[in-house]
Every structure is written in C-alpha cells, then in structure tokens.
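Each value in this text was obtained by applying a stated rule to the coordinates, not by laboratory testing. Keep in mind the model is a prediction, meaning the values are calculated, not measured. Note: ideal-geometry Cβ built from the backbone for every residue, glycine included; neighbour counts use all protein chains shown.
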Amino acid sequence: MDRYRIEPGTLVDLTRWDPADQSALEDDKKTARRELKALNKRLEELQELLYAEGKHKILIVLQAMDSGGKDGTIRHVFDGTNPQGVKVASFKKPTDEERAHDYLWRVHRHTPGSGEVAIFNRSHYEDVLVVRVHNLVPPEIWNRRYDHINAFEQMLADEGTTIVKLYLHISKDEQKERLQARLDVPHKQWKFAKGDLAERERWDEYMEAFEAVLSKTSTAAAPWYVIPANRKWYRNLVISRILVETLENLDMHYPNPEEDLEGVVIT
Ligand code: AMP
Ligand code: MG
C-alpha cells in the first residue's frame with residue numbers, strides 16, 4: 001500500500017490524487033470483497049494478539065471532509081474486533097474546558113495504552129484544518145502548530161506508539177451525493193448538519209489546508225496515507241490492507257503460558 005503513503009518532505013497536490021482510484025485492485029470487485037472478508041478476520045486475530053501481548057500501542061487518526069466516511073470506516077474495518085482493546089475518540093468543537101487548555105491537552109489523554117488500539121475520529125489536526133480555514137486563531141499561531149504536532153507524534157512514537165494517519169479523499173461531487181442522501185433518507189437525516197453546507201462552500205480552502213497537513217506532517221514516525229474514498233468498498237479494502245500490514249510488521253507473540261500446563265487436570 002506504499003502507493004498511498006506520503007513520503008516525508010513531499011509537496012502534496014490533491015488535484016493529482018484521484019478519489020475514485022482503484023489501481024491497487026488486482027482482480028474484480030467480487031474477489032476484492034472476498035479479500036476484504038479475509039482481511040477483516042485477520043485484523044480481528046492481530047488485534048487479539050496485540051491485546052494479549054500487551055506491549056504495542058496503536059494510534060489510528062482519521063480525517064476527512066464531512067461525509068468522507070470516517071464513521072463508516074470505523075464500523076466496517078473494525079467490525080468483529082474486541083471492544084475491550086479498541087477505543088474510539090471523537091473530537092468535536094472544543095468545550096469551554098478544552099478551549100481553556102492547549103489544543104493537545106484533550107487529545108493526549110485518549111492516546112492508546114499498551115495493548116490498545118485508539119481510533120481518532122477527527123483529531124488534533126482540526127486545529128490546523130477548521131481552525132485555519134475559519135481563522136479561529138491568527139496565522140502565526142496555527143502556523144507553528146505543524147511543528148508541535150510533529151514533535152508530539154514523535155514523542156508518542158519514541159514511547160512505543162505505532163501511528164497510522166488516514167486522510168479519506170472524496171471528490172466534491174461525491175460529497176454532494178452523500179449530503180443529498182442525508183437529506184433524502186429519513187434514517188440518515190440525523191447526520192445532516194446545515195453547517196456542513198457552509199464548510200462545503202469553503203472546499204478549496206479545505207483542500208489547501210489538507211495539502212499543508214499532508215506536506216508538513218507526514219513523517220517516518222507518523223506517516224499519512226491518502227485513501228481514495230469515493231467508493232466505500234475500495235476505501236475499506238485499502239485501509240484494511242494498510243492496518244494488517246502495519247500490525248504484521250510488529251512481530252507480535254502470544255505471552256508464554258504458565259509452566260507445566262501439561263500436568264494440569266481439570267476435575
Ligand atoms: P462531526 O464529526 O460531524 O460530529 O462534527 C464535529 C465538528 O466539530 C466538525 O465541524 C469539526 O470541524 C468541529 N471541530 C472538531 N475539532 C475542532 C476544533 N479543534 N476547533 C473547532 N471545531 C472543531
Ligand atoms: Mg458531521
């Protein structure tokens with residue numbers, strides 16, 4: 001899945017990344033669905049192993065435009081994993097207490113402990129995305145945050161956290177369809193926020209802000225992946241492959257059993 005990873009120091013131009021790309025697909029869609037099932041099973045096993053070994057910590061950061069598929073990714077890719085070892089943290093508009101602190105304060109407490117997977121549905125990157133687009137703080141303040149974020153993530157990595165950052169890339173047309181579906185389908189209406197339309201009007205500014213994030217904060221310790229996300233099944237396939245690959249590279253082992261288990265008789 002290297003093709004979707006941003007090498008550190010790359011200047012990213014998102015107009016050159018196709019949200020409908022399917023180039024990692026070797027076979028037809030039907031085979032891909034079978035592969036996805038197998039990957040899902042494998043991810044389940046690897047997460048069980050991670051939890052049992054209790055050594056590594058995994059942080060997955062999800063960022064996207066509204067309706068980009070963050071919730072769907074969490075539902076589908078982690079389907080079947082053990083809720084005891086997988087924690088989701090969603091970051092909304094900061095509360096008064098959060099706003100009274102530095103922007104990493106609310107994030108740090110949700111980072112994974114040993115044996116855990118933490119999934120960030122939005123993250124500290126909002127503080128250089130929505131905050132930048134809406135001038136919620138002056139440029140000199142958000143501008144220095146890229147360095148803070150790199151240092152923060154490097155610290156987490158140095159202390160044993162494996163970090164995977166996923167930007168779900170959809171097209172503006174695809175977003176229109178998804179927002180329209182939220183309006184039209186009664187059980188999806190709860191997800192429709194009128195405010196999303198105001199954000200949509202700033203699409204180009206958001207793309208610029210995402211390009212800055214991808215260009216400045218993809219590091220060896222915490223790489224960004226640009227996931228083609230117009231097609232949900234392909235998005236899930238690519239993400240599942242990345243996560244399985246990442247976990248397999250950790251070389252994990254089940255803890256040694258207690259000694260002399262052969263002699264144990266259960267009466
Ligand atoms: P949702 O994820 O759809 O529930 O929406 C959460 C909203 O909170 C989005 O509009 C985000 O842009 C906004 N949000 C998240 N973090 C921040 C932040 N640090 N500053 C301002 N708005 C934020
Ligand atoms: Mg929303």
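Quick look at the numbers
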read-out: Those residues of the stretch 96-107 which are surrounded by fewer than 15 Cβ atoms within 10 Å (Cβ to Cβ) and touching a Ser or Thr at 6+ places or on another chain (Cβ under 7 Å), in sequence order; value: none
read-out: Any hit, the stretch 78-95, residues being crowded, with 21+ Cβ neighbours inside 10 Å and either touching a residue at least 12 places away in the same chain (Cβ under 8 Å) or within 16 Å of ligand 2 (Cβ to nearest atom) (or both); value: yes
read-out: Leading residue by the ranking (farthest from Lys55 (Cα to Cα)) among those in the stretch 86-144 that are within 15 Å of ligand 1 (Cβ to nearest atom) and acidic (Asp, Glu); value: Asp96
read-out: Candidate set: the stretch 108-127, residues that are surrounded by 20 or more Cβ atoms within 10 Å (Cβ to Cβ) and free of Cβ contacts under 8 Å to residues at least 40 places away in the same chain; chosen: the one nearest to Lys87 (Cα to Cα); value: His124
read-out: Pairs where the first residue, in the stretch 131-146, is farther than 22 Å from Ala198 by Cβ and the second is among the small types (Gly, Ala, Ser) and surrounded by 12 or more Cβ atoms within 10 Å (Cβ to Cβ), C-beta under 8 Å, 6+ apart; value: Tyr146/Ala212
read-out: Hits in the stretch 1-16 (condition: within 17 Å of Lys216 (Cα to Cα), of a type outside the set (Gly, Ala, Ser) and part of a loop (DSSP other than H, G, I, E, B)); value: Ile6, Glu7, Pro8, Thr10, Leu11, Val12, Asp13
read-out: Entirely in the stretch 101-195, the helices (runs of 4 or more DSSP H) that have 3 or more residues that are away from ligand 2 (no atom under 16 Å from the Cβ); value: 105-108, 139-143, 145-158, 172-184
read-out: Residue match in the stretch 56-70 (condition: more than 16 Å from ligand 1 (Cβ to nearest atom), farther than 19 Å from Asn121 by Cβ and without any contact (Cβ under 8 Å) to a residue 12 or more places away in the chain); value: no
